[in-house]
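The values are calculated or read from the model by the stated rules, or taken from the named source; none is laboratory data. Being a predicted model, the structure only gives us computed values, none of them experimental. Cβ atoms come from the backbone with ideal geometry, glycine included; neighbour counts cover every protein chain shown. Each accessible area value is taken on the protein alone, full model and side chains, heavy atoms only, with ligands, DNA and RNA left out. Shrake-Rupley method; radii C 1.70, N 1.55, O 1.52, S 1.80 Å.
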Amino acid sequence: MKPLRIIPRIDIKNNNLIKGINLEGLRVLGNPYDYAEAYFKDGADELIFNDAIASLYGINSLHKIIKSLAKNISIPICVGGGLQSIKDIEKIFFSGADKVYVNSAILRNRFLLKKIANHFGSANITVCIEAISYQNKFYTSYLAGREIVEINPVDWAKFCEGEGCGEILLTSVENEGLMQGTTSKIFEKISNKIKIPLLAHGGFGSFKDIYNLVKNVDVSGVVIASLFHYEYVYYLKHKKIVSSKIGNYSYLENIKKKKRRNIISELKKYLKNKKINVRI
Amino acid sequence: MSEYRIGLIEFKTANLFSIKEVLSKIGKVKKIDNYKKFKNIDILIIPGVGTFSGAMNYLRKYKLEKEILKFANSGKKVIGICLGMQILLELGYEIKKTKGLALIEGQVKEFKSKSTNIGWSKIKVIKDKIKNKKEYFYFVHSNYCLTKKNFVVALAEHNGNNFPAIIRNKNVIGIQFHPEKSGKDGISFLKRLLKR
């Protein structure tokens, strides 16, 4: 068994790191560079960058940020949000991304995924699936949970695997940002159906939430935002914000500095004690 | 030698950014995008993101294949990383059956389980004097190199099966993982490999 990958997810809007609830209600938390660097030093296995509003406008604007990050961070970087074409993806790879993920573009055009996978090689293409449940039925969504299509995420994952994607990143939209744990049901269903790696995202609020999922469900990695951000925000808040014009800053203005805690290393130690294989 | 002059084959589908950053900490990096640029190079790096057939078509289109073979035959070090390792072999089947550089005997096959190998693994050195420090390296690939045992330097494991993580035929070396993406361990590995 390979070690479970611990993957911080960094959502970006107007060059700032932001965090929402259910992918909405975005709050500015600081400078993405500071967080990325801190997570790299703390032992993250990979980083995910999401352009939080790109798919609304059809442009991913993370090139600059990725370029300067890739200089100092020598762990894999996965980038997504608003990637619509081979050209878009090429640009992101050239900026220093190692993997990309797609979502809305391939829901709009069912022939695109195969084209992309054939062009760049399966291993580098991840599909992000937003799963959302309503009256005990699961649906697939895009545009950060705004648009819902009547496709079962399990069928969609199976389809994407067949079209040649190398990995699935599954977000449980209704758990996302709440930090109250996640529903293992949908992760379990998908992990039983596919052979490619599955990354679980959405709702992890404690070490125990993570353990509860990974002890039962065969996931290749866990993708975490709030749990890490709200720990690091205490001592990264004094650092300079990238652009201070747009966004909700009230949270940031009202928190006090706290002592540093290496939450990723601590999480790994915790999991290791519980006999989960992690890279330490 | 005062400074290593490292040639880096430029593929159009690859993330060359990270590997270039890391290599420039070791020596002077020269990007190679046409066949005239092979002069004054001590080590050649073939990186890789993309597909076997895509990469080989690219090398043939820009007349880089012959120059790579010439460089390898001169006895200077050639290092292929990930897909760059796979095209060192004779044959690949990704997308369509394609001939490789044939610098090392063998073929590139898809994992039987059809599952991508993504993540960190330790490697098991079975030959050579590469120090095995029990480091973790980052792998991301869905095909692997099937070659003769005497070319295999180190193994890694995926879904219970071993596959070559490092292969070598004299001065030609292939690495399946991404040292440039394997944190500090990866960079120190690359340094050791280039300088030995």
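Would you mind calculating the gained length between A:Lys158 and A:Glu266 on full extension (0.36 nm times residue separation, minus the Cα-Cα distance), in nm to one decimal?
Numbers: separation 108, 0.36 × 108 = 38.88 nm, distance 3.47 nm.
35.4 nm is the gain from fully extending A:Lys158 to A:Glu266.
Hey, got the average number of other protein chain Cβ atoms within 10 angstrom for residues in A:123-129? Write out the running numbers ahead of the final one.
Numbers: counts 12, 12, 1, 2, 0, 0, 0.
Across the residues of A:123-129, the mean count of other-chain Cβ atoms within 10 Å is 4.
Between A:Lys91 and A:Tyr230, how high is the FRET efficiency from 1/(1 + (r/R0)^6) when r is the Cβ-Cβ distance and R₀ = 30 Å? Nearest 0.05.
On the way: r = 32 Å, r/R0 = 1.07.
E(calc), rounded to 0.05, equals 0.40.
Among A:Lys71, A:Lys189, A:Lys215, whose mean-square fluctuation peaks in a Gaussian network model of chain A (Cα, cutoff 10 Å)?
A:Lys71
Roughly what would the spin-label model give for A:Ile255 and B:Glu3, points 7 Å off Cα along C-beta, in nm?
Between A:Ile255 and B:Glu3, the label points sit 4.4 nm apart.
Per the helix-only calculation at 222 nm, which mean residue ellipticity applies to chain B, given -39500 (n - 2.57) for every DSSP H run of n ≥ 4 and division by its residues, nearest 500 deg cm²/dmol? Each step should come with its number before you reach the end.
On the way: 5 runs with 44 residues, N = 196.
Value at 222 nm, helices only: -6500 deg cm²/dmol.
Just how large is the dipole of chain B about the Cα centre, in debye to the nearest 20, putting +1 at every Lys and Arg Cβ and -1 at every Asp and Glu Cβ? Present the calculation step by step, with values, prior to reporting the outcome.
On the way: 40 positive and 16 negative charges, 106 e Å.
Computed about the Cα centre, the dipole is about 500 debye.
So with the 1.4 Å probe, I'd like the accessible area per residue for chain A, rounded to whole Å².
Details: 11640 Å² over 280 residues.
In whole numbers, chain A has 42 Å² accessible per residue.
Using a 1.4 Å probe, what is the accessible area per residue for the range B:5-195, in Å²? All intermediate terms of the calculation are to be shown ahead of the outcome.
Values: 8020 Å² over 191 residues.
On a per-residue basis, the range B:5-195 sits at 42 Å².
Using mean Cβ contacts within 10 Å as the protection proxy, how do B:84-90, A:175-181, A:80-86 order, highest first?
Numbers: B:84-90: 26.4, A:175-181: 19.1, A:80-86: 22.0.
Packing proxy ranking, top to bottom: B:84-90, A:80-86, A:175-181.
For every other residue with a beta carbon closer than 13 angstrom to the beta carbon of A:Ile125, add +1 if it is Lys or Arg and -1 if Asp or Glu, then tell me the sum. Each step should come with its number before you reach the end.
Working: positive: A:Lys99, A:Lys114, A:Lys115; negative: A:Asp88, A:Glu90, A:Asp98, A:Glu161, A:Glu163, A:Glu167.
Neighbour charge sum, excluding A:Ile125 itself: -3.
Which order, highest average first, do A:158-168, A:219-229, B:16-26 follow once you tally other Cβ atoms within 10 Å for each residue and take the mean per peptide?
Working: A:158-168: 21.7, A:219-229: 23.7, B:16-26: 19.5.
By packing density, highest mean first, the sequence is A:219-229, A:158-168, B:16-26.
Other chains' Cβ within 10 Å of B:171-184 residues: what's the mean?
Details: counts 0, 0, 0, 0, 0, 0, 0, 4, 1, 4, 8, 3, 10, 2.
For peptide B:171-184, the averaged partner shielding equals 2.
Mind grabbing the interface size between B and A? I mean buried accessible area, both sides, 1.4 Å probe, in Å² to the nearest hundred.
Details: alone 10000 and 12980 Å², together 20220 Å².
Accessible area lost upon association: around 2800 Å².
Could you sort the peptides A:103-109, A:274-280 by per-residue average Cβ neighbour count (10 Å cutoff), highest mean leading?
Values: A:103-109: 19.6, A:274-280: 14.3.
Highest-to-lowest ranking by the protection proxy: A:103-109, A:274-280.
Provide a whole-number value for the mean count of partner chain Cβ atoms within 10 Å of the Cβ atoms in peptide B:113-126. List each step's numbers first, then the result.
On the way: counts 2, 6, 8, 15, 5, 16, 13, 10, 3, 3, 0, 0, 0, 0.
The shielding value for this peptide is 6.
Give me the dipole magnitude in Debye, nearest 20, for the range A:5-273 about the Cα centre, with unit charges on the beta carbon: positive for Lys and Arg, negative for Asp and Glu. Intermediate values should be presented prior to the final figure.
Numbers: 38 positive and 26 negative charges, 168 e Å.
That gives the range A:5-273 a dipole magnitude of about 800 debye.
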